[in-house]
Amino acid sequence: MFSERENSRKRLMELLDKPGNSHCADCSATAPEWASYTLGVFVCHSCSGLHRNIAHISKVKSLLLDPWTTAQLELMDSVGNHAAKATYEQTVPAFYFRPTHKDCALLREQWIRAKYERKEFMLGGRQESYSVGYREGFLWKRGKDNGQYLSRKFVLCEQEGVLKYFNKHDGREPKAIMSIATLNATFQPVKIGTAHGLQISYLKDENPRNLFVYHEDGKEMVDWFNAIRAARLSYLRVAFPGAPEADLLPKLTRDYVKQGFMEKTGPKHTEGFKKRWFCMDERRLMYFKDPLDAYARGQVFIGSQENGYDVLPGLPPGVHSSRWQYGITVATPDRTYLFACESEKERTGWIAAFHTFIGCPMLPQEYAVEARFKHQLDY
Ligand code: ZN
């Protein structure tokens, strides 16, 4: 005879085999070990913690460790991840960022709140502010010089194709006008040092510019992020008429391929190695003195092997970095770049990042970017 506990565990394991239940309902992580017995969804351990924040709507239990009643098992059977998705994700806008288990807790928490607490994506729900093509409000913005965060008014206007911010509250003259055409936004909680930290970047005359902002309210910050994505989608639809939406969606916002400290030499390789913060943004390798700098010190275009780009571990004979010993040599048609990493693991990671692009043929528009880089000086 099976005990009641063993029976309920057996039933739960059978339910996990049903379509949709093998992955977390909220972040798609494999093999969920928790479930919300009020919503009827199977979730991963990490998302179960976020469901505890909406305990008035969702109550979670461990599949393995907690006792389950027959009524709770029936609910899990009658709902499940497939049916819950059909209910709670009916009207998710195409541009809306659906986080995975790799994304930061803020994005996952707000996704869970939007779905189950605010019911933003249920049929008949109201149109959310991030969908309307215009947004204004105050964000804390990191000062360029002293690193202090000051309240600044931001205005996103899809019709004008820009994001602006103002130093003075009554300000007529924006302090910066950022074109939606080159705008990117990425949550960088570790780098910025706050869970709600968003990095906004754009290009000014092909030079990267960074802004670091946050809002105390997590919903407000994620709404800004999705408003930027909505504006980007509108822009891309006009810029690439007829392009399938599936091709445009990955271009709305992007994370860095890799970032971290390396040392680099100057063009003559005799100036000594200097420690810099590097960000690999698609084929653009940028470097900064400080991770939170507004301006890049320089940037390197990473083309493809057939166009004369290559990456090798190690440094040329006779060249040594004084501190970090894990060298990388990157050859470009114009110049050879020498880098040094702190650990073998870091070096392996960077070489893999370079290979992603060097091993991949360049797209027509990337030739144009490469040509614009050639007009730039390394400073
Ligand atoms: Zn999850």
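In this entry, the chain is assigned a mean projected area of 23.7 nm², taken as a quarter of its C-alpha convex hull surface.
Here the 3J(HN,Hα) profile of segment 120-135, calculated from phi with Karplus coefficients 6.51, -1.76 and 1.60 at θ = phi - 60°, is 5, 10, 8, 3, x, x, 7, 6, 7, 4, 6, 8, 8, x, 8, 8 Hz, Gly and Pro shown as x. Label-to-label distance for L363 and E245 is 1.9 nm, based on points extended 7 Å past Cα in the beta-carbon direction. For segment 203-235, the residues whose backbone nitrogen is under 20 Å from a point 7 Å from the Cα of N146, taken along Cα to Cβ, are 211-214.
For segment 258-374, the Cβ-based charge dipole about the Cα centre amounts to some 340 debye (Lys, Arg positive; Asp, Glu negative; other atoms uncharged). Here segment 264-379 is treated as an ellipsoid with the same Cα gyration tensor; its semi-axes, largest first and in whole Å, are 22, 16, 14. Annotation for segment 309-373 versus segment 100-149: alpha-carbon center distance of 36 Å.
Over the chain, DSSP H runs of length four or greater, each weighted -39,500 (n - 2.57), average out per residue to a 222 nm ellipticity of -8000 deg cm²/dmol. Length gained on full extension, Q127 to M13: 37.2 nm, using 0.36 nm per residue less the C-alpha separation. Taking every pair of alpha-carbon atoms in segment 1-156, give the share separated by more than 26 Å as a whole percent. Result for the distance tail: 37 percent.
For K374 and T91, the difference between the fully extended length at 0.36 nm per residue and the C-alpha to C-alpha distance is 97.4 nm. Entry comment: accessible area of the chain is 50 Å² per residue, from protein heavy atoms only and a probe of 1.4 Å.
Building the convex hull from the alpha-carbon atoms of segment 186-252 and averaging its projection over directions returns 5.3 nm². Ligands, DNA and RNA left out, the 1.4 Å accessible surface of the chain is 53% carbon and sulfur atoms. Reported to the nearest whole Å, the Cα centre-to-centre distance from segment 163-231 to segment 275-298 is 17. For the chain, averaging the sequence separation of C-alpha pairs within contact (under 8 Å, six or more residues apart) and dividing by the residue count gives a relative contact order of 9 percent.
Per-residue extension of 0.36 nm, minus the Cα-Cα distance of R323 and E160, leaves a gain of 53.8 nm for this segment.
Rg and Dmax of segment 62-103, both derived from C-alpha coordinates alone, stand at 14.6, 40 Å. Size of segment 116-216 from its Cα atoms: along the principal axes, largest to smallest, the extents are 47, 32, 30 Å. In the complete set of protein chains, residue-level accessible area for D310 is approximately 50 Å², probe 1.4 angstrom.
Remark: for residue pairs K268/K289; K102/K274; K204/K345; K264/K374; K115/K175, the C-alpha separation exceeds 29 Å in K102/K274; K204/K345; K115/K175.
The values are calculated or read from the model by the stated rules, or taken from the named source; none is laboratory data. The structure presented is a predicted model; accordingly, all values stated were derived computationally and were not measured. No Cβ is skipped: glycine too gets one built from the backbone with ideal geometry, and neighbour counts run over all protein chains shown. Accessible surface areas use protein heavy atoms only, side chains included; no ligands, DNA or RNA. Shrake-Rupley method; radii C 1.70, N 1.55, O 1.52, S 1.80 Å.
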